[in-house]
1. Out of the residues in the range B:28-44 that are within 10 Å of another protein chain (Cβ to nearest Cβ), closer than 18 Å to B:GLU58 by Cα and hydrophobic (A, V, I, L, M, F, W, C), which is surrounded by the fewest Cβ atoms within 10 Å (Cβ to Cβ)?
2. Does B:ALA110 fit the bill of being under 13 Å from B:SER171 (Cα atoms) and hydrophobic (A, V, I, L, M, F, W, C)?
3. Return yes when B:GLU138 is surrounded by fewer than 19 Cβ atoms within 10 Å (Cβ to Cβ) and outside the structural domain of B:TYR14 (by TED's automatic domain parsing) and no when it is not.
4. Condition check: within 23 Å of B:MET116 (Cβ to Cβ), surrounded by 12 or more Cβ atoms within 10 Å (Cβ to Cβ), away from every other protein chain (no Cβ under 14 Å) and out of contact with any helix residue (DSSP H, G or I) (no Cβ under 8 Å at 6 or more places or on another chain). Does A:GLU35 satisfy that?
5. Contact list please: Cβ distance under 7 Å, first residue in the range A:99-126 and within 18 Å of A:PHE226 (Cβ to Cβ), second residue among the acidic types (Asp, Glu), pairs at least six apart or on different chains.
6. Quick check on my filter: what residues within the range B:24-48 are touching a residue at least 24 places away in the same chain (Cβ under 8 Å), polar (S, T, N, Q) and under 28 Å from A:GLY92 (Cα atoms)?
7. Would you confirm whether any residue within the range B:64-74 is without any contact (Cβ under 8 Å) to a residue 60 or more places away in the chain, farther than 22 Å from B:PHE100 by Cβ and in a helix (DSSP H, G or I)?
8. Return the residues of the range A:249-289 that are aliphatic (A, V, I, L, M), part of a loop (DSSP other than H, G, I, E, B) and at pLDDT 95 or above; say none if nothing qualifies.
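The values are calculated or read from the model by the stated rules, or taken from the named source; none is laboratory data. Note that this is a predicted model, so its numbers are computed, not measured. Methodologically, a virtual Cβ is constructed for each residue, glycine included, from the backbone with ideal geometry; neighbour enumeration extends over all protein chains shown.
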Amino acid sequence: MSLTTDQAALDQWYVLGAVSHFPFGTPVETGLLGEPVTVTRRDDGVTVIGAGRSLPVRTTYNHVWTSFGTPARDIFALPEATEPDRRWLYCGGVRVAASGLRLIENFLDLAHFPYVHTDILGSEEKPEVAKYEVEQRRDVDEIWATKCEFFQPKAAAASDGGQISQYMYRVVSPFNVMLYKTPPTAPNRWDVIALFVQPVDETHSIAHPFMLVIDPTSTDAEIIAFQQMIFLQDKIVLENQRPALLPLQPGRETPTRADLSSVLYRRWLKEKALTFGTEPRTDGVAAGA
Amino acid sequence: MPKLYDYVLSGSCYKVRLMTALLGVTYETQAIDFYPGREHKSPAMLALNPLGQLPVFEDYGLVLRDAQAILCHLANRHDPAGTWLPRDQRFGQVMMWLGFAGGELMAVSAARMVSMLGYPGDLEALRAKGRMAMRVIEDHLSDRQLAGGIWAVGDTPTIADIALFPYVMLSHDAGIGHEDYPAINLWQRQVRRLPGFVGMPGIPDYF
(Lines give C-alpha, C1' and ligand atoms only; values in the text may rest on other atoms or scores of the structure.)
Protein backbone atom coordinates (compact mmCIF):
# COMPACT_ATOMS: atom_id res chain seq x y z
CA MET A 1 0.00 0.00 0.00
CA SER A 2 1.16 3.45 -0.78
CA LEU A 3 -0.41 6.81 -1.32
CA THR A 4 -2.64 6.97 -4.35
CA THR A 5 -1.57 9.03 -7.32
CA ASP A 6 -5.20 9.86 -8.14
CA GLN A 7 -5.15 13.65 -8.05
CA ALA A 8 -8.94 13.93 -7.88
CA ALA A 9 -8.91 11.83 -4.70
CA LEU A 10 -5.92 13.63 -3.24
CA ASP A 11 -7.54 17.07 -3.66
CA GLN A 12 -10.39 16.40 -1.21
CA TRP A 13 -11.04 16.92 2.47
CA TYR A 14 -11.39 13.70 4.49
CA VAL A 15 -12.66 13.03 8.00
CA LEU A 16 -10.43 10.94 10.26
CA GLY A 17 -12.87 10.89 13.18
CA ALA A 18 -14.65 13.06 15.69
CA VAL A 19 -12.21 15.32 17.54
CA SER A 20 -13.51 14.12 20.93
CA HIS A 21 -12.68 10.49 20.10
CA PHE A 22 -8.94 11.17 19.90
CA PRO A 23 -7.11 10.93 23.23
CA PHE A 24 -5.00 13.89 24.34
CA GLY A 25 -1.29 13.44 23.75
CA THR A 26 -1.35 9.88 22.39
CA PRO A 27 -0.70 9.60 18.64
CA VAL A 28 -3.31 7.50 16.83
CA GLU A 29 -2.27 5.56 13.73
CA THR A 30 -4.79 5.30 10.94
CA GLY A 31 -4.79 5.32 7.17
CA LEU A 32 -5.98 7.42 4.25
CA LEU A 33 -5.84 6.80 0.50
CA GLY A 34 -3.37 3.94 0.90
CA GLU A 35 -0.98 5.83 3.17
CA PRO A 36 -0.53 5.60 6.97
CA VAL A 37 -1.35 8.82 8.81
CA THR A 38 -0.85 9.75 12.47
CA VAL A 39 -3.29 11.96 14.33
CA THR A 40 -2.22 13.68 17.53
CA ARG A 41 -4.59 15.76 19.62
CA ARG A 42 -3.05 18.27 21.96
CA ASP A 43 -4.43 21.07 24.12
CA ASP A 44 -3.64 23.56 21.36
CA GLY A 45 -5.08 21.60 18.45
CA VAL A 46 -4.76 18.56 16.24
CA THR A 47 -1.87 17.59 14.00
CA VAL A 48 -1.89 15.04 11.21
CA ILE A 49 1.31 13.58 9.79
CA GLY A 50 1.27 11.57 6.57
CA ALA A 51 3.64 10.81 3.69
CA GLY A 52 6.46 12.33 5.76
CA ARG A 53 4.94 15.76 6.19
CA SER A 54 2.44 17.76 8.19
CA LEU A 55 -0.92 17.77 6.49
CA PRO A 56 -3.47 20.58 6.62
CA VAL A 57 -6.02 20.14 9.40
CA ARG A 58 -9.50 21.51 9.99
CA THR A 59 -11.74 20.76 12.96
CA THR A 60 -14.96 21.86 11.26
CA TYR A 61 -18.15 20.36 12.78
CA ASN A 62 -15.99 18.91 15.57
CA HIS A 63 -14.36 16.42 13.23
CA VAL A 64 -10.71 16.09 12.23
CA TRP A 65 -10.39 16.84 8.51
CA THR A 66 -7.26 16.55 6.43
CA SER A 67 -6.08 16.42 2.84
CA PHE A 68 -2.98 15.26 0.96
CA GLY A 69 -3.66 17.67 -1.87
CA THR A 70 -5.18 21.05 -2.59
CA PRO A 71 -8.96 20.94 -2.29
CA ALA A 72 -10.65 23.31 -4.71
CA ARG A 73 -13.24 24.25 -2.09
CA ASP A 74 -13.41 24.66 1.62
CA ILE A 75 -15.39 22.16 3.67
CA PHE A 76 -19.09 22.32 2.77
CA ALA A 77 -21.54 24.61 4.55
CA LEU A 78 -23.95 23.08 7.04
CA PRO A 79 -26.36 25.79 8.24
CA GLU A 80 -28.08 23.35 10.63
CA ALA A 81 -24.88 23.30 12.69
CA THR A 82 -25.80 26.73 14.08
CA GLU A 83 -29.27 25.73 15.31
CA PRO A 84 -29.14 25.61 19.10
CA ASP A 85 -31.72 22.87 19.72
CA ARG A 86 -29.98 20.24 17.64
CA ARG A 87 -28.21 17.34 19.28
CA TRP A 88 -24.77 16.52 17.94
CA LEU A 89 -24.05 12.82 18.00
CA TYR A 90 -20.81 11.18 16.93
CA CYS A 91 -21.60 7.52 16.35
CA GLY A 92 -18.00 6.25 16.22
CA GLY A 93 -15.97 4.92 13.30
CA VAL A 94 -16.86 1.51 11.88
CA ARG A 95 -14.44 -0.33 9.58
CA VAL A 96 -15.90 -1.83 6.45
CA ALA A 97 -14.06 -4.03 3.95
CA ALA A 98 -15.46 -2.21 0.93
CA SER A 99 -14.74 0.69 -1.39
CA GLY A 100 -15.73 4.00 0.17
CA LEU A 101 -17.66 4.84 -2.98
CA ARG A 102 -19.82 1.75 -2.44
CA LEU A 103 -20.63 3.07 1.03
CA ILE A 104 -21.75 6.41 -0.37
CA GLU A 105 -23.82 4.79 -3.06
CA ASN A 106 -25.52 2.49 -0.56
CA PHE A 107 -26.29 5.51 1.60
CA LEU A 108 -28.04 7.12 -1.38
CA ASP A 109 -30.17 4.07 -2.08
CA LEU A 110 -33.81 3.97 -1.01
CA ALA A 111 -34.68 0.69 -2.70
CA HIS A 112 -32.84 -1.54 -0.21
CA PHE A 113 -34.73 -0.27 2.86
CA PRO A 114 -37.46 -2.95 2.89
CA TYR A 115 -34.99 -5.81 2.43
CA VAL A 116 -31.90 -4.84 4.42
CA HIS A 117 -33.61 -2.72 7.11
CA THR A 118 -36.81 -4.77 7.21
CA ASP A 119 -39.57 -3.40 9.46
CA ILE A 120 -37.34 -0.44 10.41
CA LEU A 121 -36.56 1.82 7.44
CA GLY A 122 -38.83 -0.07 5.09
CA SER A 123 -41.51 -2.70 4.82
CA GLU A 124 -41.58 -5.56 2.35
CA GLU A 125 -45.27 -4.77 1.73
CA LYS A 126 -44.39 -1.26 0.53
CA PRO A 127 -41.14 -1.51 -1.43
CA GLU A 128 -41.89 1.04 -4.16
CA VAL A 129 -39.47 3.91 -4.62
CA ALA A 130 -41.56 6.87 -5.71
CA LYS A 131 -40.20 9.17 -8.37
CA TYR A 132 -37.73 11.71 -7.01
CA GLU A 133 -35.59 14.46 -8.49
CA VAL A 134 -31.84 14.67 -8.84
CA GLU A 135 -29.61 17.56 -9.78
CA GLN A 136 -26.00 18.53 -9.92
CA ARG A 137 -25.63 21.94 -8.28
CA ARG A 138 -22.65 23.30 -10.12
CA ASP A 139 -22.30 26.48 -8.02
CA VAL A 140 -21.41 24.39 -4.96
CA ASP A 141 -20.35 21.24 -6.86
CA GLU A 142 -22.79 19.00 -5.01
CA ILE A 143 -25.25 16.28 -5.99
CA TRP A 144 -28.78 16.60 -4.58
CA ALA A 145 -31.72 14.19 -4.63
CA THR A 146 -34.95 15.78 -3.48
CA LYS A 147 -38.64 14.97 -3.05
CA CYS A 148 -37.82 11.45 -1.91
CA GLU A 149 -40.56 9.70 0.03
CA PHE A 150 -40.63 6.33 1.70
CA PHE A 151 -42.91 4.51 4.09
CA GLN A 152 -40.94 3.61 7.20
CA PRO A 153 -42.21 1.39 10.04
CA LYS A 154 -39.59 2.83 12.43
CA ALA A 155 -37.90 5.88 10.94
CA ALA A 156 -35.76 6.87 13.94
CA ALA A 157 -34.99 6.10 17.57
CA ALA A 158 -37.90 8.29 18.70
CA SER A 159 -40.52 6.65 16.42
CA ASP A 160 -43.53 4.96 17.98
CA GLY A 161 -45.18 4.02 14.68
CA GLY A 162 -44.84 4.07 10.91
CA GLN A 163 -44.58 7.27 8.91
CA ILE A 164 -44.05 8.47 5.36
CA SER A 165 -40.58 9.93 5.66
CA GLN A 166 -39.48 12.77 3.41
CA TYR A 167 -35.83 12.60 2.41
CA MET A 168 -33.28 14.78 0.70
CA TYR A 169 -29.81 13.51 -0.12
CA ARG A 170 -26.77 15.68 -0.54
CA VAL A 171 -23.37 14.48 -1.77
CA VAL A 172 -20.86 17.17 -0.87
CA SER A 173 -17.71 15.40 -2.05
CA PRO A 174 -16.92 11.96 -3.44
CA PHE A 175 -16.58 10.41 0.05
CA ASN A 176 -18.92 12.61 2.11
CA VAL A 177 -22.67 12.46 2.02
CA MET A 178 -25.63 13.41 4.16
CA LEU A 179 -29.34 13.05 4.21
CA TYR A 180 -32.11 15.27 5.46
CA LYS A 181 -35.08 13.48 6.86
CA THR A 182 -38.28 14.41 8.66
CA PRO A 183 -37.92 13.69 12.37
CA PRO A 184 -40.83 11.88 14.08
CA THR A 185 -41.04 14.69 16.65
CA ALA A 186 -40.73 17.75 14.38
CA PRO A 187 -42.35 17.11 10.96
CA ASN A 188 -41.68 20.65 9.70
CA ARG A 189 -37.89 20.40 10.11
CA TRP A 190 -35.09 18.15 8.87
CA ASP A 191 -32.81 15.85 10.81
CA VAL A 192 -29.31 15.76 9.34
CA ILE A 193 -27.55 12.41 9.18
CA ALA A 194 -24.10 12.51 7.64
CA LEU A 195 -21.80 9.71 6.61
CA PHE A 196 -18.17 10.76 6.41
CA VAL A 197 -16.13 8.03 4.77
CA GLN A 198 -12.42 7.69 5.38
CA PRO A 199 -11.05 5.62 2.50
CA VAL A 200 -8.15 3.74 4.11
CA ASP A 201 -7.34 2.01 0.86
CA GLU A 202 -9.35 1.13 -2.22
CA THR A 203 -11.32 -1.67 -0.55
CA HIS A 204 -11.18 -0.70 3.15
CA SER A 205 -13.01 2.24 4.63
CA ILE A 206 -13.92 3.67 7.98
CA ALA A 207 -17.42 5.08 8.16
CA HIS A 208 -17.97 7.96 10.57
CA PRO A 209 -21.70 8.54 11.00
CA PHE A 210 -22.57 11.96 12.43
CA MET A 211 -26.01 13.20 13.35
CA LEU A 212 -27.51 16.63 13.97
CA VAL A 213 -30.98 15.73 15.11
CA ILE A 214 -34.07 17.11 16.77
CA ASP A 215 -35.08 14.53 19.35
CA PRO A 216 -35.96 15.75 22.82
CA THR A 217 -36.78 12.30 24.23
CA SER A 218 -34.27 9.60 23.22
CA THR A 219 -31.02 9.11 25.11
CA ASP A 220 -27.69 9.50 23.29
CA ALA A 221 -27.22 5.74 23.66
CA GLU A 222 -30.58 5.05 22.00
CA ILE A 223 -29.90 7.34 19.04
CA ILE A 224 -26.38 5.98 18.53
CA ALA A 225 -27.62 2.39 18.88
CA PHE A 226 -30.28 3.02 16.23
CA GLN A 227 -27.74 4.44 13.81
CA GLN A 228 -25.21 1.66 14.46
CA MET A 229 -27.90 -0.97 14.02
CA ILE A 230 -28.78 0.46 10.61
CA PHE A 231 -25.17 0.76 9.56
CA LEU A 232 -24.23 -2.77 10.64
CA GLN A 233 -27.16 -4.11 8.63
CA ASP A 234 -25.58 -2.39 5.62
CA LYS A 235 -22.05 -3.55 6.43
CA ILE A 236 -22.63 -7.23 5.69
CA VAL A 237 -24.18 -6.31 2.34
CA LEU A 238 -21.40 -3.86 1.45
CA GLU A 239 -18.70 -6.41 2.21
CA ASN A 240 -20.33 -8.93 -0.10
CA GLN A 241 -20.89 -6.67 -3.11
CA ARG A 242 -19.04 -7.71 -6.25
CA PRO A 243 -17.14 -6.21 -7.85
CA ALA A 244 -15.74 -4.69 -4.66
CA LEU A 245 -14.60 -1.62 -6.59
CA LEU A 246 -17.27 0.69 -7.97
CA PRO A 247 -17.70 0.12 -11.71
CA LEU A 248 -17.94 3.29 -13.79
CA GLN A 249 -17.81 1.55 -17.14
CA PRO A 250 -21.16 1.47 -18.90
CA GLY A 251 -22.81 -1.94 -18.91
CA ARG A 252 -21.03 -3.35 -15.86
CA GLU A 253 -24.09 -2.72 -13.68
CA THR A 254 -27.58 -1.91 -14.87
CA PRO A 255 -29.40 0.86 -13.01
CA THR A 256 -33.18 1.21 -12.73
CA ARG A 257 -35.17 4.41 -12.32
CA ALA A 258 -34.88 4.13 -8.54
CA ASP A 259 -31.11 4.44 -9.00
CA LEU A 260 -31.20 7.96 -10.47
CA SER A 261 -29.07 9.39 -7.67
CA SER A 262 -26.49 6.66 -8.18
CA VAL A 263 -26.44 7.32 -11.92
CA LEU A 264 -25.76 11.01 -11.33
CA TYR A 265 -23.19 10.24 -8.60
CA ARG A 266 -21.24 7.96 -10.95
CA ARG A 267 -21.42 10.52 -13.77
CA TRP A 268 -20.13 13.17 -11.36
CA LEU A 269 -17.21 10.90 -10.30
CA LYS A 270 -16.36 10.38 -13.96
CA GLU A 271 -16.47 14.12 -14.57
CA LYS A 272 -13.99 14.56 -11.73
CA ALA A 273 -11.81 11.78 -13.21
CA LEU A 274 -11.79 10.12 -9.81
CA THR A 275 -10.43 6.57 -9.96
CA PHE A 276 -9.60 5.66 -6.33
CA GLY A 277 -12.01 2.92 -5.27
CA THR A 278 -13.31 2.43 -8.82
CA GLU A 279 -12.93 -0.62 -11.00
CA PRO A 280 -10.30 -0.26 -13.73
CA ARG A 281 -12.02 0.24 -17.06
CA THR A 282 -11.50 -2.25 -19.86
CA ASP A 283 -13.14 -0.26 -22.64
CA GLY A 284 -10.13 1.95 -23.26
CA VAL A 285 -11.90 5.09 -22.05
CA ALA A 286 -9.67 7.12 -19.76
CA ALA A 287 -10.98 8.50 -16.46
CA GLY A 288 -12.59 11.87 -16.96
CA ALA A 289 -13.02 11.36 -20.70
CA MET B 1 -40.50 -6.62 34.35
CA PRO B 2 -37.01 -8.00 33.60
CA LYS B 3 -34.54 -5.45 32.27
CA LEU B 4 -31.62 -5.90 29.90
CA TYR B 5 -28.82 -3.36 29.81
CA ASP B 6 -28.19 -3.74 26.13
CA TYR B 7 -25.80 -2.83 23.35
CA VAL B 8 -27.22 -3.49 19.92
CA LEU B 9 -23.95 -4.64 18.30
CA SER B 10 -22.94 -6.95 21.14
CA GLY B 11 -23.12 -10.67 20.37
CA SER B 12 -23.24 -11.36 24.10
CA CYS B 13 -26.28 -9.12 24.57
CA TYR B 14 -27.77 -10.85 21.53
CA LYS B 15 -27.56 -14.20 23.35
CA VAL B 16 -29.97 -12.76 25.91
CA ARG B 17 -32.21 -11.09 23.29
CA LEU B 18 -32.42 -14.34 21.33
CA MET B 19 -33.14 -16.53 24.36
CA THR B 20 -35.84 -14.22 25.71
CA ALA B 21 -37.42 -14.13 22.24
CA LEU B 22 -37.41 -17.94 21.99
CA LEU B 23 -38.91 -18.26 25.47
CA GLY B 24 -41.44 -15.47 24.90
CA VAL B 25 -40.16 -13.51 27.88
CA THR B 26 -41.04 -9.83 27.70
CA TYR B 27 -38.52 -7.42 29.14
CA GLU B 28 -37.43 -3.81 28.88
CA THR B 29 -34.09 -2.65 27.60
CA GLN B 30 -31.84 0.24 28.41
CA ALA B 31 -29.47 1.12 25.58
CA ILE B 32 -25.88 1.48 26.79
CA ASP B 33 -23.46 3.48 24.65
CA PHE B 34 -20.73 0.83 24.65
CA TYR B 35 -19.03 2.28 21.58
CA PRO B 36 -17.92 4.99 21.22
CA GLY B 37 -19.16 6.20 24.64
CA ARG B 38 -17.70 3.41 26.87
CA GLU B 39 -20.77 3.76 29.07
CA HIS B 40 -20.30 0.20 30.37
CA LYS B 41 -17.29 1.59 32.26
CA SER B 42 -19.30 4.43 33.81
CA PRO B 43 -19.74 4.50 37.61
CA ALA B 44 -23.45 3.69 37.29
CA MET B 45 -22.75 0.60 35.21
CA LEU B 46 -19.78 -0.49 37.32
CA ALA B 47 -22.13 -0.40 40.30
CA LEU B 48 -24.26 -3.00 38.47
CA ASN B 49 -21.34 -5.01 37.14
CA PRO B 50 -17.90 -4.34 38.61
CA LEU B 51 -16.38 -6.17 35.62
CA GLY B 52 -17.57 -3.35 33.35
CA GLN B 53 -19.11 -5.72 30.82
CA LEU B 54 -22.43 -6.20 29.09
CA PRO B 55 -24.97 -7.73 29.24
CA VAL B 56 -26.45 -7.05 32.66
CA PHE B 57 -29.87 -8.53 33.31
CA GLU B 58 -32.25 -7.72 36.16
CA ASP B 59 -34.95 -10.23 37.02
CA TYR B 60 -36.69 -11.29 40.24
CA GLY B 61 -34.63 -8.73 42.12
CA LEU B 62 -31.39 -10.29 40.90
CA VAL B 63 -28.70 -8.36 39.06
CA LEU B 64 -26.96 -10.85 36.78
CA ARG B 65 -23.86 -10.49 34.62
CA ASP B 66 -22.28 -12.94 32.16
CA ALA B 67 -24.36 -13.97 29.15
CA GLN B 68 -23.97 -17.67 29.92
CA ALA B 69 -25.15 -17.22 33.51
CA ILE B 70 -28.11 -15.21 32.24
CA LEU B 71 -29.00 -17.99 29.77
CA CYS B 72 -29.00 -20.47 32.68
CA HIS B 73 -31.17 -18.12 34.71
CA LEU B 74 -33.66 -17.66 31.86
CA ALA B 75 -33.94 -21.39 31.29
CA ASN B 76 -34.25 -22.00 35.01
CA ARG B 77 -36.98 -19.43 35.65
CA HIS B 78 -38.83 -19.20 32.35
CA ASP B 79 -38.71 -22.71 30.87
CA PRO B 80 -40.68 -24.93 33.26
CA ALA B 81 -40.41 -27.88 30.84
CA GLY B 82 -36.64 -27.76 31.30
CA THR B 83 -35.83 -28.51 27.65
CA TRP B 84 -33.42 -25.63 27.18
CA LEU B 85 -31.36 -26.62 30.22
CA PRO B 86 -31.87 -30.34 30.67
CA ARG B 87 -31.17 -31.72 34.13
CA ASP B 88 -30.28 -35.24 32.96
CA GLN B 89 -26.93 -36.48 31.64
CA ARG B 90 -26.94 -33.68 29.05
CA PHE B 91 -26.47 -31.06 31.78
CA GLY B 92 -22.70 -31.44 31.96
CA GLN B 93 -22.30 -31.24 28.19
CA VAL B 94 -24.45 -28.10 28.01
CA MET B 95 -22.29 -26.53 30.72
CA MET B 96 -19.14 -27.52 28.83
CA TRP B 97 -20.30 -25.67 25.71
CA LEU B 98 -21.41 -22.67 27.75
CA GLY B 99 -17.90 -22.43 29.19
CA PHE B 100 -16.48 -22.65 25.68
CA ALA B 101 -18.88 -19.98 24.37
CA GLY B 102 -17.80 -17.57 27.11
CA GLY B 103 -14.16 -18.62 26.83
CA GLU B 104 -12.34 -19.78 23.69
CA LEU B 105 -15.02 -18.56 21.29
CA MET B 106 -14.72 -15.01 22.63
CA ALA B 107 -11.51 -14.73 20.57
CA VAL B 108 -13.90 -14.12 17.65
CA SER B 109 -15.48 -11.26 19.60
CA ALA B 110 -12.07 -9.76 20.37
CA ALA B 111 -11.00 -10.07 16.73
CA ARG B 112 -14.28 -8.45 15.69
CA MET B 113 -13.68 -5.46 17.98
CA VAL B 114 -10.24 -4.92 16.45
CA SER B 115 -11.36 -5.50 12.89
CA MET B 116 -14.62 -3.56 13.02
CA LEU B 117 -14.20 -0.88 15.67
CA GLY B 118 -10.45 -0.33 15.62
CA TYR B 119 -9.82 -1.58 19.15
CA PRO B 120 -6.13 -2.23 19.91
CA GLY B 121 -5.03 -5.87 19.63
CA ASP B 122 -3.14 -8.41 17.52
CA LEU B 123 -5.74 -9.11 14.86
CA GLU B 124 -3.95 -12.04 13.23
CA ALA B 125 -3.32 -13.78 16.55
CA LEU B 126 -6.95 -13.29 17.58
CA ARG B 127 -8.19 -14.54 14.22
CA ALA B 128 -6.03 -17.65 14.57
CA LYS B 129 -7.56 -18.33 18.00
CA GLY B 130 -11.01 -17.63 16.61
CA ARG B 131 -10.48 -20.10 13.77
CA MET B 132 -9.33 -22.74 16.24
CA ALA B 133 -12.51 -22.24 18.25
CA MET B 134 -14.62 -22.42 15.08
CA ARG B 135 -12.83 -25.63 14.12
CA VAL B 136 -13.65 -27.22 17.48
CA ILE B 137 -17.34 -26.40 16.92
CA GLU B 138 -17.23 -27.58 13.31
CA ASP B 139 -15.69 -30.93 14.29
CA HIS B 140 -18.22 -31.42 17.07
CA LEU B 141 -21.23 -30.56 14.89
CA SER B 142 -19.85 -32.68 12.09
CA ASP B 143 -19.70 -35.68 14.45
CA ARG B 144 -23.21 -34.91 15.64
CA GLN B 145 -24.49 -34.78 12.07
CA LEU B 146 -22.78 -38.04 11.12
CA ALA B 147 -24.59 -39.59 14.08
CA GLY B 148 -27.90 -38.22 12.79
CA GLY B 149 -28.10 -35.27 15.19
CA ILE B 150 -28.09 -31.52 14.55
CA TRP B 151 -27.98 -29.70 17.90
CA ALA B 152 -24.89 -29.17 20.01
CA VAL B 153 -26.19 -31.46 22.77
CA GLY B 154 -28.93 -34.08 22.51
CA ASP B 155 -31.94 -34.13 20.22
CA THR B 156 -33.39 -30.70 21.04
CA PRO B 157 -32.00 -27.18 21.05
CA THR B 158 -30.47 -26.11 24.35
CA ILE B 159 -28.91 -22.96 25.70
CA ALA B 160 -25.61 -24.39 24.42
CA ASP B 161 -26.78 -23.67 20.87
CA ILE B 162 -27.90 -20.18 21.84
CA ALA B 163 -24.57 -19.44 23.55
CA LEU B 164 -22.57 -20.62 20.53
CA PHE B 165 -24.68 -19.09 17.76
CA PRO B 166 -23.95 -15.32 17.97
CA TYR B 167 -20.16 -15.24 17.66
CA VAL B 168 -20.09 -18.13 15.21
CA MET B 169 -22.38 -16.04 13.03
CA LEU B 170 -20.59 -12.72 13.60
CA SER B 171 -17.20 -14.17 12.65
CA HIS B 172 -17.43 -12.49 9.24
CA ASP B 173 -17.07 -9.15 11.04
CA ALA B 174 -13.72 -10.47 12.26
CA GLY B 175 -12.71 -11.51 8.74
CA ILE B 176 -13.44 -15.22 9.33
CA GLY B 177 -15.75 -16.54 6.63
CA HIS B 178 -17.90 -19.66 6.83
CA GLU B 179 -16.57 -21.39 3.69
CA ASP B 180 -14.66 -23.98 5.70
CA TYR B 181 -17.47 -24.89 8.07
CA PRO B 182 -20.20 -26.92 6.34
CA ALA B 183 -21.50 -28.52 9.55
CA ILE B 184 -21.81 -25.07 11.14
CA ASN B 185 -23.77 -23.91 8.11
CA LEU B 186 -26.22 -26.77 8.39
CA TRP B 187 -26.64 -26.18 12.13
CA GLN B 188 -27.08 -22.41 11.88
CA ARG B 189 -29.95 -22.82 9.44
CA GLN B 190 -31.76 -24.93 12.04
CA VAL B 191 -31.18 -22.29 14.71
CA ARG B 192 -32.71 -19.68 12.41
CA ARG B 193 -35.81 -21.84 11.99
CA LEU B 194 -36.58 -21.92 15.72
CA PRO B 195 -40.00 -20.38 16.44
CA GLY B 196 -39.51 -16.82 17.72
CA PHE B 197 -36.00 -16.47 16.26
CA VAL B 198 -34.74 -12.89 15.96
CA GLY B 199 -31.61 -11.72 14.18
CA MET B 200 -29.29 -8.82 14.85
CA PRO B 201 -27.26 -6.45 12.68
CA GLY B 202 -24.78 -8.73 10.90
CA ILE B 203 -27.04 -11.77 11.37
CA PRO B 204 -29.82 -10.95 8.94
CA ASP B 205 -33.08 -12.88 8.74
CA TYR B 206 -32.90 -13.14 4.96
CA PHE B 207 -30.19 -15.81 4.65
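1. B:ALA31
2. Values: under 13 Å from B:SER171 (Cα atoms): yes; hydrophobic (A, V, I, L, M, F, W, C): yes.
Yes; evaluated as a whole, the condition is true for this residue.
3. Details: surrounded by fewer than 19 Cβ atoms within 10 Å (Cβ to Cβ): no; outside the structural domain of B:TYR14 (by TED's automatic domain parsing): yes.
The answer is no for B:GLU138.
4. Working: within 23 Å of B:MET116 (Cβ to Cβ): yes; surrounded by 12 or more Cβ atoms within 10 Å (Cβ to Cβ): yes; away from every other protein chain (no Cβ under 14 Å): yes; out of contact with any helix residue (DSSP H, G or I) (no Cβ under 8 Å at 6 or more places or on another chain): yes.
Here the answer is yes, as A:GLU35 does meet what is asked.
5. The qualifying pairs are A:ASN106/A:ASP234; A:PRO114/A:GLU124; A:VAL116/A:ASP234; A:THR118/A:GLU124; A:THR118/B:ASP205.
6. Across the range B:24-48, the qualifying residues are B:THR29, B:GLN30.
7. no
8. The first filter runs over the range A:249-289 and keeps only residues aliphatic (A, V, I, L, M), leaving A:258, A:260, A:263-264, A:269, A:273-274, A:285-287, A:289.
Now restrict to residues that are part of a loop (DSSP other than H, G, I, E, B): A:273-274, A:285-287, A:289.
Of everything in the range A:249-289, those that are aliphatic (A, V, I, L, M), part of a loop (DSSP other than H, G, I, E, B) and at pLDDT 95 or above turn out to be A:ALA273, A:LEU274.
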